[in-house]
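The values are calculated or read from the model by the stated rules, or taken from the named source; none is laboratory data. On a predicted model such as this, the values are computed, not experimentally measured, just so you know. Because the Cβ atoms are built from the backbone with ideal geometry, glycine has one as well, and the counts that use them run over all protein chains shown.
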């Protein structure tokens, strides 16, 4: 049986909005997390607006390049899963990034049906340029906070990251719907 929560809805300043509502805890938590993540990304996008230089590639292309922050080599399936797109769309994305000189493909030595995708020198420069821009944005945003508030954000993000990683890697209890399992890019 689901637990009911008394929820005070608040605006971005923390002031109460509306009346206290009883909400189903199981349904409210994902919604609240979703809203909070949206706020974080929206604030980071506002921060990006402070930057003068714009990227000459699309956000989706940059997201694909950012997969190389964690690994030297990815394959089309990794890109497809990570970006939530079809294999054909991921293949087209890689083809466009190859054409721009950011990526190159080679046949996987163990499985010739699989293409390994690598960053080129130009791709590494573009990724570093993007990363530096992101760091400048974060430095600018953090400069508006005191040191304690910056530490609070960092510790919270470490915990959020670890908890999401745990959620992805934890198998479902037996008897639960296997159709709800999450795809994973961890290997």
Right, residue 114: under 30 Å from residue 144 (Cα atoms) and at pLDDT below 90 or not?
no
Selection from segment 137-185 of residues part of a loop (DSSP other than H, G, I, E, B) and modelled with pLDDT of 90 or more yields 143, 144, 145, 146
Contact list, first residue from segment 45-68 and on the phi > 0 side of the Ramachandran plot and loosely packed, with under 14 Cβ neighbours inside 10 Å, second anywhere and at pLDDT below 80 and part of a loop (DSSP other than H, G, I, E, B), beta-carbon distance below 8 Å, six or more apart or interchain, is none
Which residues, counting only those in segment 116-152, are in contact (Cβ under 8 Å) with a residue 60 or more places away in the chain and touching a strand residue (DSSP E or B) at 6+ places or on another chain (Cβ under 8 Å)?
127
Reported set for segment 78-115 where residues are in a helix (DSSP H, G or I) and touching a residue at least 12 places away in the same chain (Cβ under 8 Å) is 78, 79, 81, 82, 83, 90, 91, 93, 94, 96, 97
Any hit, segment 119-136, residues being in the same structural domain as residue 78 (by TED's automatic domain parsing), in a strand (DSSP E or B) and at pLDDT 90 or above
yes
Working carefully through the options 68, 41, 50, find the one that is modelled with pLDDT under 90 and either under 25 Å from residue 104 (Cβ atoms) or in contact with a strand residue (DSSP E or B) (Cβ under 6 Å, 6 or more places away or on another chain) (or both).
68
